[in-house]
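Right, one structure below, let's go through it.
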Amino acid sequence: MKDRKLLVITLLFLFAFSVSSFTLAGEENLGRTNPVQVKVTCDDFQFNNHITKSVKLAVHGRLEVILCSNPSTGYQWSDQAQITDHTAIWQTSHTSGSPSSSMLGAPSTEQWTFQALNEGKTTISMEYGRSWTSSSPDDWSLKVNVTVVEEKKEEPKEKSTEEIGEELVRDIFKDMKNLNVSSLEKVISKEFQAIHTFGASDRQEEIETIKDLDLGEYKLSDFKVTRDGDVLVVTYKISAEETLKGEKVSKKPTPRLSVFIKTGSGWKWLAHANPS
């Protein structure tokens, strides 16, 4: 018996957790993907005739209001809700649901859908009564205080110095392997200088060297990156099947150094050292 009670309690807890998780997800979404819902049952209105709710919506988010209704009593909700500020939110639809059972006089529901338009605060008011009589203590009402906010976009995470330096080097070697000279020409600085075992080279000489490069499979490793203002210095090792100036380069890991400078048009490759 105790095991059954424990199982029931556990299932109830899991159900409550799943419901609360779903509600929180909807609230965090603020109606942009799934509409925020306000539901009020007949039992809720029996306990309190006049109910006030508060919700938050993102601009362009949707709100659904679902209320108990029973036309057989002569009571009815108004088709159009009263909205204090139509520039913040607008009613887009009103539909009636099916009765909860086939019994005569069974209650049903009605649903109103609203679209958030602009940032601001507004109140949606709805009244449930008999059209041919004045207000009475049995009438129901609902007020929904709505705050419409501009959903903040997540700022892109700023890359670390190490990430920037490694990415720049990997992009260069990718372009060299694919002989994507036009892409490299956009990256190589006009003031570029390089040093190789066969001597020094400027920008144009380096481009001509790259055109004759036959870079097979390669591996980059041991990145170390330092930064001083707009200058990045990257040291690393490369092991590759490489033919440079017609000569095969050793496959063993060899050290390299590349220097980059940040300009108005992005990072430029300023210098390179290939000592072996």
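With a cut-off of 8 Å between alpha carbons and a minimum separation of six or more residues, what is the relative contact order of segment 161-273 in percent? Spell out each step's value before the answer.
Working: 201 pairs, mean separation 28.8, N = 113.
Contact order relative to length: 25 percent.
Order the peptides 156-162, 223-229 from the highest to the lowest mean number of other Cβ atoms within 10 Å of their residues.
Numbers: 156-162: 9.9, 223-229: 12.9.
Peptide ranking by packing, descending: 223-229, 156-162.
Assign one of three labels to segment 65-140, namely rounded, prolate or oblate, based on the Cα gyration tensor with a ≥ b ≥ c the square roots of its eigenvalues; rounded applies when a/c is under 1.5, prolate when it is not and a/b is larger than b/c, and oblate otherwise.
oblate
Every number here is computed from the coordinates shown, using simple stated rules; none is lab data. Predicted model only: the values in this text are computed from it and were never measured. Note: ideal-geometry Cβ built from the backbone for every residue, glycine included; neighbour counts use all protein chains shown.
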